[in-house]
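Participant: Sending over a structure as structure tokens; questions will come in a sec.
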Amino acid sequence: MLGIVRQKMLERSSKKIRPAVSMLRSYSSAAKQMTVREALNSALHEEMSADSKVFLIGEEVGEYQGAYKITKGLLDKYGPDRVLDTPITEAGFTGIAVGAAYYGLKPVVEFMTFNFSMQAIDHIINSAAKSNYMSAGKISVPIVFRGPNGAAAGVGAQHSQCYAAWYAACPGLKVLTPYNSEDARGLLKAAIRDPDPVVFLENELLYGESFPTSDEVLDSSFCLPIGKAKIERKGKHVTIAAYSKMVGYSLQAAEILEKDGIDAEVINLRSIRPLDRSTINDSVRKTNRLVTVEEAFPQHGVGAEICACVVEESFAYLDAPVERIAGADVPMPYAANLERMALPQVGDIVRAAKRACYRSVP
Amino acid sequence: MAFCSRNSRNIIIINLLKSKVGSSRLMKLSRVCCYGTCLNSTNHCRFLPSTTTLPQLGNPDPNSHKKGHSPCSQRFQSTKSGQQFASLPNGEHSQVLDFPGGNVVFSPEMQFLSESPNVYNPCYRVLDDNGQLISNSVFVQVSEEIAVKMYSNMATLQILDTIFYEAQRQGRISFYVTTIGEEAINIASAAALTSDDVVFPQYREPGVLLWRGFTLQEFANQCFGNKADNGKGRQMPAHYGSNKHNYFTISSTIATQIPHAVGAAYSLKMDKKDACAVTYFGDGGTSEGDFHAALNFAAVTESPVIFICRNNGWAISTPTSDQFRSDGIAVRGQAYGVRSIRVDGNDALAMYSAVHTAREMAVNEHRPILIEAVTYRVGHHSTSDDSTKYRSADEIEWWRMARDPVTRFRKWIETNGWWGSEAESQLRSSIRNQLLQAIQIAERAEKPPVKDLFRDVYNNIPSHLREQEKLVRETINKHPKDYPADVPVDVAVKDDGVSVYDVDVIVHDDDLIIHVR
């Protein structure tokens, strides 16, 4: 499954020219392949070396080099004062990191998966997100909470939930969902530099995927703006809005749809809060049809919010009801066949796009 | 009951031969060693001479922390496999095994640590119930100036609480939390700290802010949530906060401030500041997971933080007997490797001395200290509570009158000739008048403007909130009778930038950042 995705990505990248940004510069067009893991690691290295207030805290981030090796090499380079291995207490180390941020340091808190962040969610919401407001601007919390989010492969119900909608509901937080290496680097650097608390939702299955990255992305000053989505693929018949791993699936679906004469526009949301309403609405006003894709539970999800904002702002432009693709409304089962059925697949996205284009019987 | 002291040099084993399960006889000596079961079949217990030195638990090099190594580098050493049998300095082997979790001395006796002590953890006090110095007491001397200031603040706090409580009862403010009975903890601890020490309060410590210079008017402004409130009317009454007084804004969630304080202390250590973090919480707060994680962490990271627990006997209606079964809070410090002391919280002089000493230890030795201040919550939990429903009014009255910490301290300063009845009545009437006036001013003041609803959610106000603010302002202007008359609807101020439809211009730290939408 992963192998197919990777192969498709390489094929696609060799055919298409990268978007406008890199064309304007005179960098070499031979883009370097970089995995998302390397992207995150390099971003952490650069931000830690640029600002001595940045430090890492979490379980296994130091000597173990990170549970998923994202923090590899950082303990050796920056020492135990700046890379803290903690006892097993999410509530504890999150609280401590928030306290350090209150005082003026810039912690990057790693959750082994965001499922474990639930044990610390009071500190994320009540101590971090709300503090600037409750203290009338006196207490700013320049903290980043990062870690893998959403389904992996065969890890069951308590290790597979996606928390994008939960955190994005809370004012005071910023929620980012990188997809490829460029996103990973640019958004993590932006998150660390941001004075507000940021929830940075990665994806375990994307860590090992490599993507071509231009020299501009590899530069240490590279940074992406928070709150801007990216049009990964321009199209005119239907808009597919997705985040994280589902962007890759949507791009694959777009290839399949192209053969059937449907030109899909794929939006990589990149930022769930703030949600880039204007990019989404501009796209829907162009294509008149919308499919949202997420692997999270359907109720009260990101797709519901996107649908609401499109209905509010671009109702007259919709030619079809909004199609919402999400994970099954069940705790994630373990058995491989059941897990596959509980998550959106490329075929689901293709069928939804066709329904939105009135090309198939519902 | 036995415990291990992390840096203990002298280790003595308890005489276990005659003991049965659950009842060990403690030697009078202060340091004891914990022990495990013996792997071999020898039937006698090992007695070590009192001068025996065992290597520190989990750390083969007892002096590494003094060599200037980073405290966390000890971890590198502990993961290396040690020799199977640690040798004792007198050359004897066996009965001590070098586990990664620590050196353990074995015993063929099956001995459970008792759940309750034979001797309760003693409580440090210096003044007796009549405010007279106990003979042979050890304390930190306080000058007349400081002592009088402490007393004035304690009396002020008492009057402040009484008046604001009455104001709530009259419906002038929505809510209030009193500190009656705990004035000594508040003021004496504040007096023993420096203004650089960062304070993370729970909500029953306004006295610390009072000591540091927060004015009566500022207290009133926060409670009335008016325009002059430095909290911009965002919080419930009594949720004070002040950057310039190093007092972190109160958050209602219980015990969350405890790990925050440890994080801040860690930051102070990294900055090499001559300051510590101080956090306050009640007996109930020690049940929260945050308390345990924070103490553990503070010990592991060797952070300069003082934990002050106000053990006042009640967590709303839950008495301490329903809250925990340990001998109070201070003994828990030992379990986490944190030095601790139990103090009479109603004895201002003892509190001052303990906090003063604790601060020196915290800052100079980079260690956490836990102080359990035993006291009594004379007032109700808050204005939403009527404590006569779960405790007798007689009990409350007795503590209010006979065990009042303010009276007790007054007797001491009077004995020293530093205070008299004229000074007393002058102070009380002056404070009362000032407070009543402050309340009148606060009550009549304008409420915060509409723009304060939308600011500070993020560092820079996002465009959607700016739009909402514009819409709210337009709606208020169109339908003024639907809105309260005392809400200022002034035009958006330029400090946050001006929104033009296609471009967001944001002024951030003197840099002009233009985002094109």
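Participant: So is A:VAL266 without any contact (Cβ under 8 Å) to a residue 40 or more places away in the chain and under 20 Å from A:LEU343 (Cα atoms) or not?
Facilitator: It is true that A:VAL266 is without any contact (Cβ under 8 Å) to a residue 40 or more places away in the chain and under 20 Å from A:LEU343 (Cα atoms).
Participant: Based on what the data block shows, is A:GLY66 in contact with a helix residue (DSSP H, G or I) (Cβ under 9 Å, 6 or more places away or on another chain) and either at pLDDT 95 or above or assigned to a helix (DSSP H, G or I) (or both)?
Facilitator: No; evaluated as a whole, the condition is false for this residue.
Participant: Also, quick follow-up: Would you confirm, using the coordinates I've provided, whether B:SER321 is in contact with a helix residue (DSSP H, G or I) (Cβ under 7 Å, 6 or more places away or on another chain) and either surrounded by fewer than 24 Cβ atoms within 10 Å (Cβ to Cβ) or free of Cβ contacts under 8 Å to residues at least 24 places away in the same chain (or both)?
Facilitator: Criteria not met by B:SER321.
Participant: Sort out which residues of the range B:108-153 are assigned to a helix (DSSP H, G or I), crowded, with 19+ Cβ neighbours inside 10 Å and of a type in the set (A, V, I, L, M), and write them in order of number.
Facilitator: Once the filter is applied, which keeps residues that are assigned to a helix (DSSP H, G or I), crowded, with 19+ Cβ neighbours inside 10 Å and of a type in the set (A, V, I, L, M), the range B:108-153 yields B:ALA147, B:MET150.
Participant: A further question follows. Would you mention how many residues in the range A:75-93 are in a helix (DSSP H, G or I) and either within 14 Å of chain B (Cβ to nearest Cβ) or among the polar types (S, T, N, Q) (or both)? Steps first, answer last, please.
Facilitator: Here is the first cut: in the range A:75-93, the ones in a helix (DSSP H, G or I) are A:75-78, A:90-93.
Next, from what is left, pick out any that are either within 14 Å of chain B (Cβ to nearest Cβ) or among the polar types (S, T, N, Q) (or both): A:75-76, A:78, A:90-93.
Residues in the range A:75-93 being in a helix (DSSP H, G or I) and either within 14 Å of chain B (Cβ to nearest Cβ) or among the polar types (S, T, N, Q) (or both): 7 in total.
Participant: Under 8 Å by Cβ, and 6 or more places apart or on different chains, what pairs join a residue from the range B:112-132 that is under 17 Å from B:VAL331 (Cα atoms) with one that is open to solvent by 60 Å² or more (accessible area, probe 1.4 Å) and small (Gly, Ala, Ser)?
Facilitator: From residues that are under 17 Å from B:VAL331 (Cα atoms), the pairs are B:SER114/B:SER23.
Participant: Would you please name the residue that is nearest to the other protein chains (Cβ to nearest Cβ), looking only at residues in the range A:115-155 that are open to solvent by 20 Å² or more (accessible area, probe 1.4 Å) and on the phi > 0 side of the Ramachandran plot?
Facilitator: It comes out as A:GLY137.
Participant: Out of (1) more than 14 Å from every other protein chain (Cβ to nearest Cβ); (2) outside any loop (DSSP other than H, G, I, E, B); (3) open to solvent by less than 10 Å² (accessible area, probe 1.4 Å), the odd one out for B:ALA294 is which?
Facilitator: (1)
Participant: Could you please find all residues in the range A:94-114 being more than 7 Å from chain B (Cβ to nearest Cβ) and buried (at least 21 other Cβ atoms within 10 Å of the Cβ)?
Facilitator: A:THR94, A:ALA101, A:LYS106, A:PRO107, A:VAL108, A:VAL109, A:GLU110, A:PHE111, A:THR113, A:PHE114
Participant: Looking at A:GLU339, A:GLU305, which one is part of a helix (DSSP H, G or I), under 25 Å from A:GLY156 (Cα atoms) and in contact (Cβ under 8 Å) with a residue 24 or more places away in the chain?
Facilitator: On the way: A:GLU305 fails: under 25 Å from A:GLY156 (Cα atoms).
Just one listed residue meets the conditions, A:GLU339.
Participant: Out of all the residues in the range A:163-170, is one or more outside any helix (DSSP H, G or I) and within 13 Å of chain B (Cβ to nearest Cβ)? Break it down into steps so the answer makes sense when it comes.
Facilitator: Start the filter on the range A:163-170 by keeping residues that are outside any helix (DSSP H, G or I), which leaves A:163, A:169-170.
Then keep just the ones that are within 13 Å of chain B (Cβ to nearest Cβ); that gives A:170.
Taking every residue of the range A:163-170 in turn, at least one turns out to be outside any helix (DSSP H, G or I) and within 13 Å of chain B (Cβ to nearest Cβ).
Participant: When the residues of the range B:225-264 are filtered to those that are facing another protein chain (nearest Cβ under 7 Å) and polar (S, T, N, Q), which remaining residue is surrounded by the fewest Cβ atoms within 10 Å (Cβ to Cβ)?
Facilitator: Step one: filter the range B:225-264 for residues facing another protein chain (nearest Cβ under 7 Å), giving B:230-232, B:234-235, B:241, B:243, B:248-249, B:251, B:253, B:256, B:259-264.
Checking which are polar (S, T, N, Q) leaves us with B:230, B:235, B:243, B:249, B:251, B:253, B:256.
Values: B:ASN230: 18, B:GLN235: 21, B:ASN243: 14, B:THR249: 22, B:SER251: 23, B:THR253: 17, B:THR256: 25.
Only one residue tops the list, namely B:ASN243.
Participant: Output the residues belonging to the range B:444-492 that are under 35 Å from the mean Cα position of the chain (by Cα), open to solvent by less than 60 Å² (accessible area, probe 1.4 Å) and among the acidic types (Asp, Glu).
Facilitator: B:ASP452, B:ASP456
Participant: Checking the structure you have, find out if any residue of the range B:270-278 is at pLDDT below 95 and either facing chain A (nearest Cβ under 7 Å) or out of contact with any helix residue (DSSP H, G or I) (no Cβ under 9 Å at 6 or more places or on another chain) (or both).
Facilitator: Within the range B:270-278, one or more residues are at pLDDT below 95 and either facing chain A (nearest Cβ under 7 Å) or out of contact with any helix residue (DSSP H, G or I) (no Cβ under 9 Å at 6 or more places or on another chain) (or both).
Let's see how each residue does on (1) at pLDDT below 90; (2) assigned to a helix (DSSP H, G or I):
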site	(1), (2)
B:ASN433	no, yes
B:ASN460	no, no
B:GLU469	no, yes
B:GLU474	no, yes
B:ASN477	yes, yes
B:PRO488	yes, no
B:TYR501	yes, no
B:ASP504	yes, no
B:ILE513	yes, no
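Participant: Can you tell me how many residues within the range B:346-393 are hydroxyl-bearing (Ser, Thr, Tyr) and crowded, with 16+ Cβ neighbours inside 10 Å?
Facilitator: Adding up the residues that qualify gives 8.
Participant: Let me ask something additional. When you look at B:SER267, is it touching a Phe, Trp or Tyr at 6+ places or on another chain (Cβ under 7 Å), farther than 21 Å from B:GLY181 by Cβ, within 14 Å of chain A (Cβ to nearest Cβ) and assigned to a loop (DSSP other than H, G, I, E, B), yes or no?
Facilitator: Judged against the criteria, B:SER267 is not a match.
Participant: Among the residues of the range A:279-288, write down those that are assigned to a helix (DSSP H, G or I), closer than 17 Å to A:PHE315 by Cβ and either among the aliphatic types (A, V, I, L, M) or open to solvent by less than 50 Å² (accessible area, probe 1.4 Å) (or both).
Facilitator: A:ILE280, A:ASN281, A:SER283, A:VAL284, A:THR287 - these are the residues of the range A:279-288 that are assigned to a helix (DSSP H, G or I), closer than 17 Å to A:PHE315 by Cβ and either among the aliphatic types (A, V, I, L, M) or open to solvent by less than 50 Å² (accessible area, probe 1.4 Å) (or both).
Participant: Suppose we filter A:ILE240, A:ILE226, A:ILE192 for residues that are among the β-branched types (Val, Ile, Thr), away from chain B (no Cβ under 12 Å), closer than 24 Å to A:ILE57 by Cα and buried (at least 20 other Cβ atoms within 10 Å of the Cβ); which single one remains? Even if it seems obvious, please write down each step before you answer.
Facilitator: Details: A:ILE240 fails: closer than 24 Å to A:ILE57 by Cα; A:ILE226 fails: away from chain B (no Cβ under 12 Å).
That would be A:ILE192, the only listed residue that is among the β-branched types (Val, Ile, Thr), away from chain B (no Cβ under 12 Å), closer than 24 Å to A:ILE57 by Cα and buried (at least 20 other Cβ atoms within 10 Å of the Cβ).
Participant: Those residues that are free of Cβ contacts under 8 Å to residues at least 40 places away in the same chain and under 22 Å from B:ASN311 (Cα atoms), I need them from the range B:365-424; list them, please.
Facilitator: Of everything in the range B:365-424, those that are free of Cβ contacts under 8 Å to residues at least 40 places away in the same chain and under 22 Å from B:ASN311 (Cα atoms) turn out to be B:ASP386, B:THR388, B:SER392, B:ALA393, B:ASP394, B:GLU395, B:ILE396, B:GLU397, B:TRP398, B:MET401.
Participant: Right, another one. Among (1) out of contact with any Leu (no Cβ under 9 Å at 6 or more places or on another chain); (2) touching a residue at least 60 places away in the same chain (Cβ under 8 Å); (3) closer than 20 Å to A:GLY99 by Cα, where does B:TYR165 come up short?
Facilitator: It is condition (3) that B:TYR165 fails.
The values are calculated or read from the model by the stated rules, or taken from the named source; none is laboratory data. These figures come from a predicted structure and were not determined experimentally. All Cβ positions, glycine included, derive from the backbone under ideal geometry; neighbour counts span all protein chains shown. The area values use the complete protein model at the heavy-atom level, side chains included, leaving out ligands, DNA and RNA. Shrake-Rupley method; radii C 1.70, N 1.55, O 1.52, S 1.80 Å.
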